[in-house]
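A.B. asks: Mind having a look at this structure? Questions to follow.
The values are calculated or read from the model by the stated rules, or taken from the named source; none is laboratory data. Since the model is a prediction, treat every value here as computed from it, not as a measurement. Here the Cβ is made from the backbone with ideal geometry for all residues, glycine too, and neighbour counts use every protein chain on show. Accessible surface areas use protein heavy atoms only, side chains included; no ligands, DNA or RNA. Shrake-Rupley method; radii C 1.70, N 1.55, O 1.52, S 1.80 Å.
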Amino acid sequence: MFNAAMNFDMKALPATIEPMGNGHINRTYLVTDKLGNKYTFQRVNDVIFKDVPSLMENIRMVTEMLREKDPDPRHSLELVKTKDGNSFYHDDTGYYRMYHFVDDSICLERAENEDEFRMSAEAFGNFQNLLADFDASRLSETIPMFHDTENRVKNLVKAIEEDKMGRLSEVKAEVEFALARAEEAKYMKGLLEKGELKLRVTHNDTKLNNVLFDENTRKPICVIDLDTIMPGLAANDFGDSIRFGASTATEDELDLDKVTMSLDMFRAYTRGFLSACGHKLTAKEIETLPMGAKMMTYECGIRFLTDYLEGDVYFRIHREKHNLERCRTQLKLVYDMEQKWDKMAEIIKEEAAKI
């Protein structure tokens, strides 16, 4: 690791390198140089991300624009370039990148109250706002067809037909529920193809722990984990946050009676998100925010179901039937959203009127 770190243009030679964080994709370290300056140093997972140079070009372009729009050094990540002026370093051990460390910052795994959830929405909304003028077509797809819900349905159908593990008989209810909503999976993509929705720069992993908060004030500082920045739909970023943060239960809760979508948390997030970027979104984009929440939850549910049918080959599991349990919570959330659909739409209209 020291050899790789030596290739970056730090203010002094590295003194220590220590493991940092609990991420499952990239290996992350805290580097401290001999002058005491700190850096976030990562070995990028080139198994999941097949084209790291394109991924890093996405990050370079987006972070540079963010810093042009808001020069506060704590409000966006800043890459440390290599001594050759590149955004990453590559050798026979892998791909590496380095960011300036954001001092006095923390990550929150779950919102303890509506205010924290609203503030995370402001952070992701501000991310949309600052990048509203960026031509999203300039970005590469770091994971092709990542939020193509229609394609996720096709993958599920293939897994059902093959039934490699002989598990189909135990998931008939889940399969029936999922396939009954297959036509809806085409809806958002259809609006994009007709020009009714705008292709935007999207984060695509808008969980609370991808926002840095100030350790002292507990106010949001900046959005992190930029590997999945791609062209996409604003409603998808909104929806993924709702899927994760507005649920009243954990992602693998066994008691489905505990799994609902909190309308209070939905309102809090909607208020924060629209206050930050609503003036940059079209009326149609705002109208489709509830569908974004439903489709991101549905998509996640059928991905868990597909993986279960295929033998748990993608998502890491910690017990037998873990992916099936995860699938059931997501599908229960979809069902609960459907029961609250009119209220969700009403909340969107009420908060949009305040823009």
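A.B. asks: With the Cα gyration tensor of segment 141-259 giving a ≥ b ≥ c as the square roots of its eigenvalues, does the rule (a/c under 1.5 for rounded; else a/b larger than b/c for prolate; else oblate) give rounded, prolate or oblate? Present the calculation step by step, with values, prior to reporting the outcome.
C.D. replies: Values: a/c = 2.21, a/b = 1.35, b/c = 1.64.
Oblate, since a/c reaches 1.5 and b/c is not below a/b.
A.B. asks: Find the relative contact order for segment 30-182 and round it to a whole percent, using C-alpha pairs within less than 8 Å whose residues are 6+ positions apart.
C.D. replies: Value for segment 30-182: 24 percent.
A.B. asks: Taking θ = phi - 60°, what integer Hz values does the Karplus form 6.51 cos²θ - 1.76 cosθ + 1.60 yield along segment 257-274, in sequence order, with x for Gly and Pro?
C.D. replies: With the stated coefficients, segment 257-274 comes to 5, 8, 8, 9, 9, 6, 5, 5, 5, 4, 5, 4, 5, 4, 4, x, 5, 6 Hz.
A.B. asks: Measuring from label point to label point, each 7 Å out along Cα→Cβ, what is the I355 to Y314 span in nm?
C.D. replies: Going by the 7 Å Cα→Cβ label model, 3.2 nm.
A.B. asks: Follow-up question, since we're still on this one. Just by accessible area at a 1.4 angstrom probe, what is the order of D133, D72, D33 from largest to smallest?
C.D. replies: These residues rank, largest area first, as D133, D72, D33.
A.B. asks: Right, next: Just add up the charged neighbours of L309: K/R +1, D/E -1, any other residue whose Cβ is under 9 Å from the Cβ of L309.
C.D. replies: -2
A.B. asks: What is the gain in length, in nm to one decimal, between K158 and D92 on full extension, counting 0.36 nm per residue of separation less the C-alpha to C-alpha distance? Could the numbers behind the result be given before it?
C.D. replies: Numbers: separation 66, 0.36 × 66 = 23.76 nm, distance 3.67 nm.
Once the chain is fully extended between K158 and D92, it gains 20.1 nm.
A.B. asks: Further, regarding this structure: Running a GNM on the chain with Cα contacts under 10 Å, which residue among A121, A268, A173 ends up with the highest mean-square fluctuation?
C.D. replies: Greatest mean-square fluctuation among the candidates belongs to A173.
A.B. asks: Find the centroid of the Cα atoms in segment 1-51 and in segment 250-313, then give the distance between the two in whole Å.
C.D. replies: Each part reduced to its Cα centre gives a spacing of 33 Å.
A.B. asks: Go through H75, H203 and list them by solvent-accessible area, largest first, probe radius 1.4 Å.
C.D. replies: Ranking H75, H203 by accessible area, largest first, yields H75, H203.
A.B. asks: Under 1.5 on a/c is rounded, so check that first for segment 144-189, then, if it is not, pick prolate when a/b is larger than b/c and oblate when it is not; a ≥ b ≥ c are the square roots of the alpha carbon gyration tensor eigenvalues. Numbers along the way, then the final one.
C.D. replies: Numbers: a/c = 3.38, a/b = 1.62, b/c = 2.08.
Oblate is the answer for segment 144-189, as a/c is 1.5 or above yet b/c matches or exceeds a/b.
A.B. asks: If you don't mind, another one. For N151 and N45, what does the FRET efficiency come to when R0 = 22 Å and r is the distance between their Cβ atoms, rounded to the nearest 0.05? Walk me through the numbers on the way to the answer.
C.D. replies: Numbers: r = 22 Å, r/R0 = 1.01.
Plugging the Cβ-Cβ distance into 1/(1 + (r/R0)^6) gives 0.50.
A.B. asks: Related question: Of K34/K219; K154/K280; K81/K219; K280/K340; K189/K284, which sit over 22 Å apart, Cα to Cα?
C.D. replies: On the way: K34/K219 31 Å; K154/K280 33 Å; K81/K219 29 Å; K280/K340 27 Å; K189/K284 13 Å.
Flagged as over cut-off: K34/K219; K154/K280; K81/K219; K280/K340.
A.B. asks: Taking the Cα centre of segment 255-319 as the origin, how large is its charge dipole in debye, to the nearest 20, when only Lys and Arg (+1) and Asp and Glu (-1) carry charge on their Cβ atoms?
C.D. replies: Value, rounded to 20: 280 debye.
A.B. asks: Any idea what the dipole of segment 197-254 comes to, in debye rounded to 20, about its Cα centre with Lys/Arg Cβ at +1 and Asp/Glu Cβ at -1? Mind showing how you got there, number by number?
C.D. replies: Values: 6 positive and 10 negative charges, 77 e Å.
Rounded to the nearest 20 debye, it is 380 debye.
A.B. asks: Nearest 500 deg cm²/dmol is fine: what mean residue ellipticity at 222 nm does the chain get from its DSSP H runs of n ≥ 4 alone, each adding -39,500 (n - 2.57), divided by its residue count?
C.D. replies: It lands at -13500 deg cm²/dmol.
A.B. asks: Going toward the positive end of the dipole of the chain, with +1 on Lys and Arg Cβ and -1 on Asp and Glu Cβ, which of N323, H279, V175 do you reach last?
C.D. replies: H279
A.B. asks: Got a sec? What order do L263, L66, L13 fall in by accessible area at 1.4 Å, biggest, i.e. largest, first?
C.D. replies: Descending order: L13, L263, L66.
A.B. asks: For the chain, take the longest principal axis of its alpha carbons; what is the angle in degrees between that and the long axis of helix 289-310, to the nearest 10 within 0 to 90?
C.D. replies: 90
A.B. asks: For the chain, what's the relative contact order in percent, using C-alpha pairs closer than 8 Å and at least 6 residues apart?
C.D. replies: Here the relative contact order equals 18 percent.
A.B. asks: Here is a further query. In segment 85-234, if the dipole is taken from +1 on Lys/Arg beta carbons and -1 on Asp/Glu beta carbons about the Cα centre, which of A121, V157, C107 is farthest to the positive end?
C.D. replies: V157
A.B. asks: Just grab the label-to-label distance for N113 and S54, each label 7 Å out from Cα along the Cβ direction, in nm (one decimal).
C.D. replies: Label at N113, label at S54, 4.5 nm between them.
A.B. asks: With a ≥ b ≥ c the root eigenvalues of the C-alpha gyration tensor of segment 233-311, is it rounded (a/c under 1.5), prolate (a/b larger than b/c) or oblate?
C.D. replies: oblate
A.B. asks: Using a 1.4 Å probe, how large is the accessible area of E350, given in Å² and rounded to the nearest 10?
C.D. replies: 70
A.B. asks: Taking 8 Å as the Cα distance limit and 6 or more residues as the minimum spacing, I'd like the relative contact order of segment 249-352 as a percentage. Write out the running numbers ahead of the final one.
C.D. replies: On the way: 89 pairs, mean separation 47.4, N = 104.
Relative contact order for segment 249-352 comes out at 46 percent.
A.B. asks: Separate question: Just one of (1) 22.4, 80; (2) 22.7, 72; (3) 20.7, 62 is Rg and Dmax of the Cα atoms in Å as worked out from the coordinates here. Which one is it?
C.D. replies: Of the labelled values, this structure produces (3).
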